[in-house]
Structure formats: structure tokens, C-alpha cells
1. Would you mind finding the one in P10, P19 that is surrounded by 11 or more Cβ atoms within 10 Å (Cβ to Cβ) and assigned to a loop (DSSP other than H, G, I, E, B)?
2. Would you check which residues across region 50-75 are of a type in the set (G, A, S) and either over 16 Å from I16 (Cβ atoms) or touching an Asp or Glu at 6+ places or on another chain (Cβ under 6 Å) (or both) and list them?
3. Looking at G52, G60, can you tell me which residue is on the phi > 0 side of the Ramachandran plot and at pLDDT below 95?
4. Criterion first (in contact with a His (Cβ under 9 Å, 6 or more places away or on another chain), in contact (Cβ under 8 Å) with a residue 24 or more places away in the chain, surrounded by fewer than 16 Cβ atoms within 10 Å (Cβ to Cβ) and not charged (D, E, K, R)) does V46 satisfy it?
Amino acid sequence: MEEGASGPYPGFYRLIKSPEEVLAFERSLEGERLLCVFNFSNTEAVQRIPQGWKTTDGHGFRAVLEQGQLHLPPFGAWFGVPV
């Protein structure tokens, strides 16, 4: 699927530059946005998060966002919403 295409799911996405072991993208639909970050390695990964995002509540993952740096545990994930 190409960046920006909706594919089988409604909305659009934009890939975020990330290390090889990390997949990061922004999903948007009808004015709502969600930043999704996944660590596909068995070691901690660090991903820079653009300003203006905060951690969503209730997803159960243990990634830590500090000063624009997201620390993802092995095989971890993080979901953010605009501030």
C-alpha cells in the first residue's frame, strides 16, 4: 500500500522516519489523528517523536516518552494523540 492510500481500512496514513527495527506512522480520519509506533526487535528501541504528541491512555503498553524520545521495550508498541 502506498503512503496516503486508504487501502482496506478507512482513513489515511503517513510514514514517520524510524530506525530499521521500528515501524512508525500517523493515521488520520475525519480530523482525528493517531501516531502508532511498533518495535519489531528483541531489544529496546528509541524513536524520535515530533512535538505536539502525547501518550494515549488505556492501551497497556509500557513505552516511555521523555523529551521527544520514545523508549520502546522489546516487541513493544506506543500510541499517541495530538496535544
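The values are calculated or read from the model by the stated rules, or taken from the named source; none is laboratory data. Keep in mind the model is a prediction, meaning the values are calculated, not measured. Reconstructed Cβ throughout: ideal geometry from the backbone, glycine too, with neighbour counts over all protein chains shown.
1. Sole residue among the options that is surrounded by 11 or more Cβ atoms within 10 Å (Cβ to Cβ) and assigned to a loop (DSSP other than H, G, I, E, B): P19.
2. Matches in region 50-75: G58, G60.
3. Numbers: G52 fails: at pLDDT below 95.
After applying the criteria, what remains is G60.
4. Answer is yes for this residue.
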